[in-house]
1. Tell me the relative contact order for the range 9-144 as a rounded percent, counting alpha carbon contacts under 8 Å between residues six or more apart.
2. Along the principal axes of its C-alpha atoms, what lengths does the range 63-113 span, in descending order and rounded to whole Å?
3. Taking every pair of Cα atoms in the range 309-359, average 1/r, invert it to obtain the Kirkwood radius, and report Rg/Rh to two decimals.
4. Taking the square root of 5 times each eigenvalue of the Cα gyration tensor, what semi-axes in Å does the equivalent ellipsoid of the chain have, largest first?
5. Please report the net charge: other residues with Cβ closer than 11 Å to the Cβ of G284, K and R +1, D and E -1.
6. Among Y317, Y35, Y176, which comes first, second and so on when ranked by fewest other beta-carbon atoms within 10 Å?
7. Lys/Arg Cβ at +1, Asp/Glu Cβ at -1, dipole of the chain taken about the Cα centre: which of L268, A344, A83 is farthest positive-ward?
8. What nm distance separates the two modelled labels at Y35 and T248, each placed 7 Å from Cα along Cα→Cβ?
Amino acid sequence: MNLDSSVSIENAKVRDADKKCVFRVAVLSVIKHDYVARGVASHPRFELVVVADDPGVQDWVHERNQLFAEEKKIPYVRNVEQALKDYAIDVAVISTEAERHCDLSIRAANLGVHVVQDKPMSNRLSECDLLVEAVQRNGVRFMMWSRNMLPAILQATEIIRSGQIGSPNSIHVDFYFSKDAGPPKGSRKAGDPPIPWLDFQRAAHIDGSDGAIGTQPMGELQNEGVYALAYIKQIMDCEFLRVFARTTAAFHQVNVDNGVEDFATVSLELSDGMIATMAVGRIGAASHPDIGEIKLLITGTEGALVVAESRPEVGVYYRGQPGKEFRHQRVAIDNDFLLMDNFARAIDDGGTTLLDVHASRMITATILAALRSARSGRFEAID
């Protein structure tokens, strides 16, 4: 895994242009979010050539896929295998409902296609195991999308690797996401029907305030906890062993009605005697002027490190500013390009990716164990 951020983006683009190898990309659905497909296309070695999905998906799924295809001026094919074969696809980008992630990834891998997948890997560990096997058997590269190439996370990783705070022994991550998720907790009146999960997520998708779209309700541990665990994995360079968690629906009625958490606290036993804790929650737009409060605290044998994930940033405030416009604007953000640069190198060299299939499976197993712990009230081993 190469985390070298010293090479400028322009130099990297020149290097990639010299390789004269552009990977042909199929976008296998954009119904969750299209930011992954857009992130893939930010790198000059990846060209979006087709959008595809299964013919039997619902009409609203076809509609979203068609709109994205029209925007990019590429065809939309209602047959995944046909699209992968007919368009000589090298890479599949998958951003469907979580329950379809592994199925599409496995089908792509079985055709020798590399996979970039939105998080979470799956909501079922058995499917993750099938995907691990398919990736290994077919010799393809896999990467789960992350925020691990943000400047603050890269710098924190470099500081730890250089030994500036000695040997790391603990890490804490606050991941407070400030987007709303519909009516606040307690707003439903007696006799009102529960808010249907999929109907709500479909409507909220328009302005980006949806959580985990899909038929199965999914709380913030599965939705945003992936990011926090990916930070821990990269910075501490560790394995996850046991987990203890507490969850609640503290803020949003849709989470209450569907029995999933919008806030969680997690304690982890890591390899080499290290420990990790994290607090993850969707705490509402009124709580923060930007995307949320995301910080890391790492302690070591010789010192400590406090990381503000959003830095560097610039605050912009003016009269008549739209209510949903972020006041704090991040700068020097090359996360998407750097993720795909890492992926391109992995394809070229046969190496590992930033969040490969094994790390992604471990993160999924950790989240599912945390949810079991929240129900049992005990530490749970991570499968």
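Bear in mind these aren't lab numbers, they're just calculated from the coordinates by the rules spelled out. Here the structure is a predicted model, which is why all the values come from computation and not from measurement. Cβ coordinates were reconstructed from backbone atoms using ideal geometry, including for glycine residues, and neighbour counts include every protein chain displayed.
1. Details: 238 pairs, mean separation 31.2, N = 136.
Relative CO of the range 9-144 lands at 23 percent.
2. Ordered largest first, the range 63-113 gives principal extents of 28, 26, 15 Å.
3. Numbers: Rg = 17.3 Å, Rh = 13.9 Å.
Ratio of gyration radius to Kirkwood radius: 1.25.
4. Details: eigenvalues 173, 150, 98 Å².
The equivalent ellipsoid of the chain has semi-axes of 29, 27, 22 Å.
5. Result for the local shell: +1.
6. On the way: Y317 8, Y35 14, Y176 20.
Sorted ascending by nearby Cβ count, the order is Y317, Y35, Y176.
7. So the residue we want is L268.
8. 2.8 nm
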